[in-house]
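Trainee: Got a structure for you, questions after.
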Amino acid sequence: AGFTVVTERDLDSKDLALALKKFLDTYGADERNQLLVYFASHGATDSLTGNGYIVPTDAPLPDENPGEFRSKSLSMNIIKAMAKDIVARHVLFVFDSCFAGTIFGVDRSAPRSVRDGLNKKVRFFITAGAATERVLDRSIFRDQFVRGILGAADVGAQKDEVITDVELGRFLVTEV
């Protein structure tokens, strides 16, 4: 409701980086905006560095050519750096991909009230799988994520029609 949706499919390494940058520069420049960046793609964890990557269509398998894999794939370190530069107050990154969900530091603390959190800059990352898990192409994660953001994750005592990062995370852990 009220969101502008931008869909990109089957991007090569150049187009993947450009599309993400263009989206974040366009919609992330206004402090009042709330962004949802959803990747449903191949992902991999580099066995040499332990870093997670989003894999574009033109990247080789990481074990076949590690150097070219790293140069063409989009590192989660780059995505985290991009997230810090976004002006928009609230940004949710969701990765329905195989790669290390553990690469992100976990902060399970919640603001004292939802109102406190609404006025602060928040970056939240959700991943469908950890480094050792494979995520199916037709994943239950996506279906439950959609249910959650449409209201099923609003499990607070007051059912306040505001779904927090903590509520969504707990809902997905329980349902998936």
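The values are calculated or read from the model by the stated rules, or taken from the named source; none is laboratory data. The structure presented is a predicted model; accordingly, all values stated were derived computationally and were not measured. Cβ coordinates were reconstructed from backbone atoms using ideal geometry, including for glycine residues, and neighbour counts include every protein chain displayed. Ligands, DNA and RNA are stripped out before the accessible areas are found, and what is left, the full protein with its side chains, is counted by its heavy atoms. Shrake-Rupley method; radii C 1.70, N 1.55, O 1.52, S 1.80 Å.
Trainee: Need one number: nm distance between label points at Asn65 and Lys121, each 7 Å from Cα along Cα→Cβ, rounded to one decimal.
Mentor: Taking the two extended label points, one gets 3.8 nm.
Trainee: Can you give the extra length, in nm with one decimal, that the chain gains between Ala152 and Thr57 once fully stretched, where that is 0.36 nm per residue apart less the Cα-Cα distance?
Mentor: So the chain would gain 30.8 nm between Ala152 and Thr57.
Trainee: What does the C-alpha gyration tensor say about the overall shape of the range 9-72? Classify as rounded when a/c is under 1.5, otherwise prolate if a/b is larger than b/c, or oblate.
Mentor: prolate
Trainee: Under a crude label model (7 Å from the Cα following the beta-carbon direction), how far is Asp160 from Val176 in nanometres?
Mentor: The modelled label-to-label distance comes out at 2.5 nm.
Trainee: Moving to a separate point now. Working with all protein chains in place, sort His90, His42 by solvent-accessible area computed with a 1.4 Å probe, largest first.
Mentor: His42, His90
Trainee: Something else: Sequence-distant or interchain residues sharing an amide H contact under 5 Å with Leu35, placed H: which?
Mentor: Hits under the 5 Å cutoff: His90, Val91, Leu92.
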